[in-house]
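Student: Starting off with a structure, shown below.
The values are calculated or read from the model by the stated rules, or taken from the named source; none is laboratory data. Bear in mind that the values here come from a model prediction, so they are computed numbers and not experimental data. So basically every Cβ, Gly included, is an ideal-geometry build from the backbone, and we count neighbours across all protein chains shown. Areas reflect the complete protein model, heavy atoms only, side chains present, ligands, DNA and RNA absent. Shrake-Rupley method; radii C 1.70, N 1.55, O 1.52, S 1.80 Å.
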Amino acid sequence: MNLVNDLINVERKATREGFGEAMSLLGKKNKNVVVVTADLGESMKVDDFERENQNRFIQVGVAEQNLMGVSAGLALSGKIPFAVSYAVFNPGRNWDQLRVSVCYTNANVKIVGGHSGVTVGPDGATHQALEDIAITRVLPNLMVVVPCDFEQAKKATFAIASFKGPVYLRLTRPKTACITTATTPFELGKAQVLREGKDITIFACGSLVYEALLAAEEVRGEVDIEVINVHTIKPIDEETIIRSARKTGKVITLEDHQINGGLGGTVAEVLGEKNPTKMIRMGMKDCFGESGEPGELLAKYELDKNGVIKTIRKILND
Amino acid sequence: MVDLVDKAREIRVEIIKMLAKAESGHTAGALGIADFFACLYFGGLINFKKEEPYWEERDRVVLSCGHYAPVQYAALALAGFFPIEELGSLRKLGSRLQGHPVRQIKYFGNNDKQLPGIENTGGPLGQGVSVAVGMALASKMDKKKWSVVCVSSDAEQQEGQTWEAYQCAAKYGLGNLTFVIDRNEIQISGNLGEVMPIEPLKDKLTAFGLRVFEINGNNMVEIMEAFGKGKLFPGQPKAIILKTMAGKGVSFIEGNYRWHGRAPTSEEAEKALWELK
């Protein structure tokens, strides 16, 4: 998989930065790419795109319903619009517009939700999107993508621009560990076995993939963990999930999202129907977040390396 | 020369026939705005090719108040976009005439399930207004000649999204965009002024940066004139408020909000068709 060699001394960059770099390159490459934003261009890192493509940058102000509708209209006219805002608003506030104007219409809109998850940190729970995977993955025609780091966010941005149809791309605010490299493969819809193991499978997405890898390394010798990065939640890679669950017989899911309806829900649906497996879902346990530093919050809600190790022991001893 | 008055009558006849057959749907709004749809598709207000419905240079008609579908379906069929017999399939299983209009993009293979001439998926009010802004932005971005006409209802102005869209249209100086607002004064649960007043609508739209024309929407001369005057303001989006009579043309439907969301029975349809003859 061509990951970085040293998992401890990693470089840290935000997925939104990877997205911004990719958008700048896309702006030069594809004249149909348009960015539409609701007052959050700079923090979503599309300020380079704006400077370089003023005619293809639409600023709708703080008006997320219009953000989605305008994007649908652009897509129906042959453009490839990226509708860019924070995930709590987009798709949080404009879900009806996403459902009808975009998904039912199958309009080629790329919805980019930034600042997702509890790792938004100090802004607090109002701004921590913990439900966005759940509300997007139930919509027909919509693909849902959660890159695990900077490089993957970049690759995912190029991939969804080429893909014909609506896509939700989930990004995060803080600088997080870079674990993949420029040469790590990436294919939409194809989960990645980042580490092979035989005792327990951890299916993770987003920046918590790193915590899973750290935990797996720490318990090496005691228990052999397989870590799979499920960067595409929909369509879900059933084959890879079932194959691994059959091998290890014990499954943990890990995400910076509610345990209901997100990656954990998706994996539970697949396995419940096709290969019932002992399983623990890690994520926010049907509660809202709060203010704090990302690391403090991950520790409090037991979503960091230590939380994962605790869960590994739990599933082993159950 | 097409007789627009006669076309409007034909549209109304088809609306009554299809709704009676469907046994559900929205009657009053569709009847009230039939004169405008006659002008739109038969009076030369828009460029289109019926044999090539998604011709790139066509003007776009966005029906935001999707429950007005019967009037657009009737006008499109009479204009030759699809066989008139197909109107009888309204709201039936497998029909291209869904209860509310649907636009579905297919990226591969043919798209024969798409009803020709439909530009947007409409139903949840307010959504089409933003879609129309997006289309007009795309046309302007590419320096194209095609323009956009967006039809919405008066109660739709109660949706916050419409105002988000208007401020955006004004900011970008979308002179290629005309919002047509049907002011029939009724909505599903009562008279608009009682349910939620929207006055002063003309002043509000003006304050949002639109060039507003308020006309009798059942008078075709006024409709044609308003579109003509609109062309005098190429750098500004237009709003044309059509003051219409809900249910226009059928005495027992006219002005009665209870006809917002119901279809005529076969006896009522017979009476209505006799009045429209």
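Student: Rounded to the nearest 5, what % of DSSP beta bridges with both residues in chain B are antiparallel?
Tutor: Details: 2 of 24 bridges.
That works out to approximately 10 percent antiparallel.
Student: Of the accessible area of the protein assembly as shown, with the probe set at 1.4 angstrom, what percent is carbon plus sulfur? Could you put the intermediate results ahead of the total?
Tutor: Details: 11460 of 22790 Å².
Answer for the protein assembly as shown: carbon and sulfur cover 50 percent of the accessible area.
Student: When a/c reaches 1.5 or more, the comparison of a/b and b/c decides; with that in mind, is the range A:177-318 rounded, prolate or oblate per its Cα gyration tensor?
Tutor: Numbers: a/c = 1.22, a/b = 1.18, b/c = 1.03.
Verdict is rounded for the range A:177-318.
Student: Additional query: If I stretch the segment between B:Gln104 and B:Met224 completely, what's the gain in nm (0.36 nm per residue apart, minus their alpha carbon distance), one decimal?
Tutor: Computed gain between B:Gln104 and B:Met224 is 40.1 nm.
Student: Using a Förster radius of 60 Å, what is the FRET efficiency between B:Val5 and A:Ile242 based on their Cβ-Cβ separation? Nearest 0.05, please.
Tutor: Details: r = 66 Å, r/R0 = 1.11.
Efficiency for this residue pair is about 0.35.
Student: Quick one: if you stick a label point 7 Å off each Cα along the C-beta vector at B:Ala207 and A:Gln54, how many nm between them?
Tutor: Going from the B:Ala207 label point to the A:Gln54 one covers 3.2 nm.
Student: Also, I was wondering about something else. How would the range B:151-250 be classified by its alpha-carbon gyration tensor: rounded, prolate or oblate, with rounded meaning a/c under 1.5 and the a/b versus b/c comparison settling the rest?
Tutor: Numbers: a/c = 2.48, a/b = 1.25, b/c = 1.98.
Judged from the Cα gyration tensor, the range B:151-250 comes out oblate (a/c at least 1.5, b/c at or above a/b).
Student: Just add up the charged neighbours of B:Ser64: K/R +1, D/E -1, any other residue whose Cβ is under 10 Å from the Cβ of B:Ser64.
Tutor: On the way: positive: none; negative: B:Glu156, B:Glu159.
With Lys, Arg at +1 and Asp, Glu at -1, the net is -2.
Student: Give me the Debye-computed log₁₀ of I(q)/I(0) at q = 0.11, 0.15, 0.19 Å⁻¹ for the range A:12-177, equal point scatterers on Cα only, no solvent, two decimals.
Tutor: The computed values of log10 I(q)/I(0) come out as -0.36, -0.70, -1.19.
Student: For peptide B:165-175, what's the mean number of Cβ atoms from other chains within 10 Å of each residue's Cβ? Present the calculation step by step, with values, prior to reporting the outcome.
Tutor: Working: counts 7, 1, 4, 10, 2, 0, 4, 4, 0, 0, 0.
Taking all residues of B:165-175 together, the mean is 3.
Student: Still on this structure, please answer the following. By the scheme Lys and Arg +1, Asp and Glu -1, what is the net charge of all other residues having a beta-carbon under 10 Å from that of B:Ile118?
Tutor: +1
Student: Longest segment of chain A with no GluC sites (Glu not before Pro) in a DSSP loop having at most 16 other Cβ atoms within 10 Å? It would help to have the intermediate numbers written out before the result.
Tutor: On the way: sites that count: A:Glu11, A:Glu42, A:Glu187, A:Glu196, A:Glu222, A:Glu290, A:Glu302.
Maximal segment without exposed cleavage sites: A:43-186.
Student: How much area per residue is accessible in chain A when the probe is 1.4 Å and only protein heavy atoms are counted (Å²)?
Tutor: Accessible area per residue, chain A: 36 Å².
Student: Still on this structure, please answer the following. Taking R0 as 41 Å, what's the FRET efficiency between A:Glu11 and B:Lys144 from their Cβ-Cβ distance, rounded to 0.05?
Tutor: After rounding, the FRET efficiency stands at 0.35.
Student: Restricting to bridges with both residues inside the protein assembly as shown, how much of the DSSP beta-bridge set is antiparallel, in percent to the nearest 5?
Tutor: Values: 10 of 68 bridges.
Just about 15 percent of them are antiparallel.
Student: Within the range B:205-277, which chymotrypsin sites (Phe, Trp or Tyr not before Pro) sit in a loop by DSSP and count at most 13 neighbouring Cβ atoms inside 10 Å? Walk me through the numbers on the way to the answer.
Tutor: Working: sites: B:Phe208, B:Phe213, B:Phe227, B:Phe252, B:Tyr257, B:Trp259, B:Trp274; in loops: B:Phe208, B:Phe252.
Hits after loop and neighbour filter: B:Phe252.
Student: Can I ask one more? Loop only by DSSP, 10 or fewer other Cβ within 10 Å of the Cβ. Give me the trypsin sites (Lys or Arg not before Pro) in the range B:134-188 that pass, ordered by residue number.
Tutor: On the way: sites: B:Lys140, B:Lys143, B:Lys144, B:Lys145, B:Lys171, B:Arg183; in loops: B:Lys143, B:Lys144, B:Lys145.
Passing sites in the range B:134-188 are B:Lys143, B:Lys145.
Student: Could you work out, residue by residue across A:102-108, how many beta carbons of other chains sit within 10 Å of that residue's beta carbon, and then give the average as an integer?
Tutor: Numbers: counts 3, 1, 5, 9, 6, 7, 2.
Mean inter-chain Cβ contacts per residue within 10 Å come to 5.
Student: List the residues whose amide H sits under 5 Å from the amide H of B:Val62, counting only those 5 or more places along or on another chain, with H placed 1.01 Å from N in the peptide plane.
Tutor: Amide H to amide H, under 5 Å and 5 or more residues apart or across chains, B:Val62 pairs with B:Val149, B:Cys150, B:Val151.
Student: A further question on this structure: In terms of modelled amide H atoms, which long-range or inter-chain residues lie less than 5 Å from the amide H of A:Thr201?
Tutor: The list, which skips near neighbours in sequence, is A:Glu226, A:Lys250, A:Val251, A:Ile252.
Student: Moving on to the next point. Expected output is a single nm value to one decimal: the length gained when fully extending between B:Ser266 and B:Ser95, i.e. 0.36 nm times separation in residues minus the C-alpha distance. What is it? Kindly include the intermediate steps, with their values, before the conclusion.
Tutor: Values: separation 171, 0.36 × 171 = 61.56 nm, distance 2.12 nm.
So the chain would gain 59.4 nm between B:Ser266 and B:Ser95.
Student: Here's a follow-up. For the pair A and B, how large is the buried accessible area, both sides, in square angstrom to the nearest 100, if the probe is 1.4 Å? Each step should come with its number before you reach the end.
Tutor: Values: alone 12750 and 12510 Å², together 22790 Å².
When A and B are taken together, about 2500 Å² of accessible area is lost.
Student: How much net charge surrounds A:Ala156 when only other residues with a Cβ under 15 Å from its Cβ are counted (Lys, Arg +1; Asp, Glu -1)? Don't skip to the end; give the middle numbers.
Tutor: Working: positive: A:Lys13, A:Arg16, A:Lys45, A:Lys110, A:Lys154, A:Lys155, A:Arg170, A:Lys190, A:Lys234; negative: A:Glu17, A:Glu21, A:Asp149, A:Glu151, A:Glu187, A:Asp237.
Charge balance in the 15 Å sphere: +3.
Student: Same structure again: In nm, to one decimal, how far is the modelled label at A:Phe288 from the one at B:Asn216, with both set 7 Å along Cα→Cβ?
Tutor: Going from the A:Phe288 label point to the B:Asn216 one covers 5.5 nm.
Student: A further question follows. Have a look at A:Tyr210, A:Ile236, A:Thr277 and report the one farthest towards the positive end of the charge dipole of the range A:204-278, computed about the Cα centre with Cβ charges (Lys/Arg +1, Asp/Glu -1).
Tutor: Of the options given, the answer is A:Thr277.
Student: Calculate the all-directions average of the projected area of chain A's alpha-carbon convex hull, and give it in nm². Walk me through the numbers on the way to the answer.
Tutor: On the way: hull surface 58.7 nm².
The number I arrive at for chain A is 14.7 nm².
Student: Please report the antiparallel percentage of the DSSP beta bridges confined to the range B:140-233, to the nearest 5.
Tutor: On the way: 2 of 8 bridges.
Looking only at bridges with both residues in the range B:140-233, the antiparallel portion is about 25 percent.
Student: Per-residue mean of other chain beta-carbon atoms within 10 angstrom of the beta-carbon, peptide A:55-64? List each step's numbers first, then the result.
Tutor: Working: counts 3, 2, 0, 8, 3, 10, 4, 1, 8, 2.
Per residue, the average neighbour count from other chains is 4.
Student: Can you list the trypsin sites (Lys or Arg not before Pro) in the range B:27-59 that are in a DSSP coil and have 16 or fewer other beta carbons within 10 angstrom?
Tutor: Details: sites: B:Lys49, B:Lys50, B:Arg58; in loops: B:Lys49, B:Lys50, B:Arg58.
Passing sites in the range B:27-59 are B:Lys49, B:Lys50.
Student: Sticking with this one: Which value, in debye to the nearest 20, describes the size of the charge dipole of the range A:12-177 about its Cα centre when Lys and Arg Cβ atoms bear +1, Asp and Glu Cβ atoms bear -1, and nothing else is charged? Numbers along the way, then the final one.
Tutor: Numbers: 20 positive and 15 negative charges, 107 e Å.
So the magnitude is around 520 debye.
Student: Quantify how much of the Cα-Cα distance distribution of the range B:4-276 extends past 33 Å, in percent. Let's see the in-between values first.
Tutor: Values: 5443 of 37128 pairs.
Summing the P(r) tail past 33 Å for the range B:4-276 gives 15 percent.
Student: For the protein assembly as shown, what does -39500 (n - 2.57) per DSSP helix run (n ≥ 4), summed and divided by total residues, give at 222 nm, in deg cm²/dmol to the nearest 500?
Tutor: Dividing the helical sum by the residues of the protein assembly as shown leaves -10500 deg cm²/dmol.
Student: Check which residues have an amide H placed less than 5 Å from B:Arg183's amide H, if you skip close sequence neighbours.
Tutor: Those lying under 5 Å, H to H, from B:Arg183 are B:Leu242, B:Lys243, B:Thr244.
Student: Place the peptides A:116-124, B:94-102, B:64-72 in order of packing, highest mean first, counting for every residue the other Cβ atoms within 10 Å and averaging per peptide. Show your work: numbers first, answer last.
Tutor: Details: A:116-124: 21.8, B:94-102: 18.3, B:64-72: 26.8.
The densest-packed peptide leads the list: B:64-72, A:116-124, B:94-102.
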